[in-house]
1. I'm trying to understand the selection: among the residues of the range 83-114, which are crowded, with 21+ Cβ neighbours inside 10 Å, within 14 Å of residue 70 (Cα to Cα) and either in contact with a Cys (Cβ under 9 Å, 6 or more places away or on another chain) or not aliphatic (A, V, I, L, M) (or both)?
2. Among the residues of the range 61-77, write down those that are surrounded by fewer than 17 Cβ atoms within 10 Å (Cβ to Cβ) and acidic (Asp, Glu).
3. Where in the range 138-194 are there helices (runs of 4 or more DSSP H), lying wholly inside it, with at least 2 residues that are open to solvent by 20 Å² or more (accessible area, probe 1.4 Å) and under 15 Å from residue 128 (Cβ atoms)?
4. Can you tell me which residues in the range 140-162 are in contact with a Leu (Cβ under 6 Å, 6 or more places away or on another chain) and of a type in the set (Ser, Thr, Tyr)?
5. All but one of (1) of a type in the set (A, V, I, L, M); (2) modelled with pLDDT under 95; (3) touching a helix residue (DSSP H, G or I) at 6+ places or on another chain (Cβ under 9 Å) hold for residue 84, so report the exception by its number.
6. Given the conditions (1) open to solvent by less than 70 Å² (accessible area, probe 1.4 Å); (2) under 28 Å from residue 134 (Cα atoms); (3) not β-branched (Val, Ile, Thr), and given that residue 80 satisfies all but one, which numbered condition is not satisfied?
7. Consider only pairs whose beta carbons are under 7 Å apart and that are at least six residues apart or on different chains; among these, list those whose first residue lies in the range 54-72 and is in contact (Cβ under 8 Å) with a residue 12 or more places away in the chain and whose second residue is of a type in the set (Asp, Glu) and open to solvent by less than 60 Å² (accessible area, probe 1.4 Å).
8. What pairs can you find where one residue is in the range 3-20 and among the β-branched types (Val, Ile, Thr), the other is open to solvent by 80 Å² or more (accessible area, probe 1.4 Å), and their Cβ atoms are less than 6 Å apart, with a gap of 6+ or different chains?
Amino acid sequence: IMYPMVSCVEEVHAANALLQDCMDELRANNIPFNEEILVGTMIEVPSAALVADLIAPHVDFFSLGTNDLIQYTMAVDRGNENVAHLYKPTHMAILRLIDHVVKVSHKHGLWTSVCGQMASTPSLVPLLIGLGVDELSVSPSQAPMIKDVIRKLSYSNAMELARKAMNASGAEAVEALCRTMIQQIAPEVLELSE
């Protein structure tokens, strides 16, 4: 079970209490269910990312919803053509939020997935892996291309890319680093994704 649009730990407490009530009701009615069901939260607003350490003890995993996380962090409506050019997945604020959530997740023994356009963008996959993301959720049509990138990627190179990205001068510099890596490991994927 994954709770969407979480903004604070209090919402997780409330959702967990509701879930417990449902489980108690099922038990009372002798209705079988998965007693060990995993519970996680979407991290798609900056407030949730910033308090991930408070949320982590109460869940089993995080799923970074990058489309909304970028939109709300950057205050940019990606559907508005007048400001859509400001929607930058490689903005340093986004990278720092992802890095923070992954580190918190791993510190608490959780796993972190990424869903959204970032996970389906071949040039950004090495960066996400280098940042320590454990799982990518992509559309079925993108899965073969993303798998191809992952198969051709060395983890040490992904970690080095992430290190360089975290020290880059800005979004454009990060994009250039990502494109260079894809050009080196899977140039045909870069051509297909353009």
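1. Once the filter is applied, which keeps residues that are crowded, with 21+ Cβ neighbours inside 10 Å, within 14 Å of residue 70 (Cα to Cα) and either in contact with a Cys (Cβ under 9 Å, 6 or more places away or on another chain) or not aliphatic (A, V, I, L, M) (or both), the range 83-114 yields 89, 90.
2. If the condition is that a residue be surrounded by fewer than 17 Cβ atoms within 10 Å (Cβ to Cβ) and acidic (Asp, Glu), then 77 is the only one that fits.
3. Working: elements: 143-152, 155-166, 171-185, 187-193.
Where helices (runs of 4 or more DSSP H) fall fully within the range 138-194 and carry at least 2 residues being open to solvent by 20 Å² or more (accessible area, probe 1.4 Å) and under 15 Å from residue 128 (Cβ atoms), they are 143-152, 155-166, 171-185.
4. Of everything in the range 140-162, nothing turns out to be in contact with a Leu (Cβ under 6 Å, 6 or more places away or on another chain) and of a type in the set (Ser, Thr, Tyr).
5. (3)
6. The failed condition is (2).
7. Sorted first by the residue in the range 54-72, then by its partner, the pairs are 65/44; 68/44; 69/44.
8. 9/54
The values are calculated or read from the model by the stated rules, or taken from the named source; none is laboratory data. All values derive from a computational prediction rather than experimental measurement. No Cβ is skipped: glycine too gets one built from the backbone with ideal geometry, and neighbour counts run over all protein chains shown. Calculation scope for accessible area: heavy atoms of the full protein, side chains included, ligands and nucleic acids excluded. Shrake-Rupley method; radii C 1.70, N 1.55, O 1.52, S 1.80 Å.
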